[in-house]
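This report refers to the structure that appears directly beneath it.
The values are calculated or read from the model by the stated rules, or taken from the named source; none is laboratory data. Quantities reported herein were computed from a predicted structural model and do not represent experimental measurements. Here the Cβ positions follow ideal geometry from the backbone for every residue, glycine too, while neighbour counts run over all protein chains shown. For accessibility, only protein heavy atoms count, side chains too; no ligands or nucleic acids. Shrake-Rupley method; radii C 1.70, N 1.55, O 1.52, S 1.80 Å.
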Amino acid sequence: TSGHVNDVQCETSTGLQVSPFRGSMYGGYPIRLYGMCFTQSNYQIRIDGQIVHDCQVMNQLYLVCSMPMVMDSGQILIELLDSTGEGLMGSTDFYAFAPEDHGELI
């Protein structure tokens, strides 16, 4: 095979999803948003009320963002808005946790 895939179809029945669905509240790692057809070149992503500026639409199937640092652990909201920031297109939950502090070992 050539490695090229043609005529990729989007699956939109699941709604907005995030992978991984949990991670450190300190951020700095990539997250992937999928489950919708990303037909626009720009979107506005809000994570825990913060607008995330470094997201890239990779293709119609997913986009990638760098997870920002969030203030609280637990369930946080990720929202996908149109490029104007006016229209909510989807939302999903992410679970942020505080990594164990091993300061006593240092």
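Among the conditions (1) on the phi > 0 side of the Ramachandran plot; (2) modelled with pLDDT of 95 or more; (3) of a type in the set (Gly, Ala, Ser), the only one that GLY85 does not satisfy is (2). Looking only at residues that are within 15 Å of PRO30 (Cβ to Cβ) and part of a loop (DSSP other than H, G, I, E, B) in segment 42-65, which one is least open to solvent (accessible area, probe 1.4 Å)? Selected residue: CYS55.
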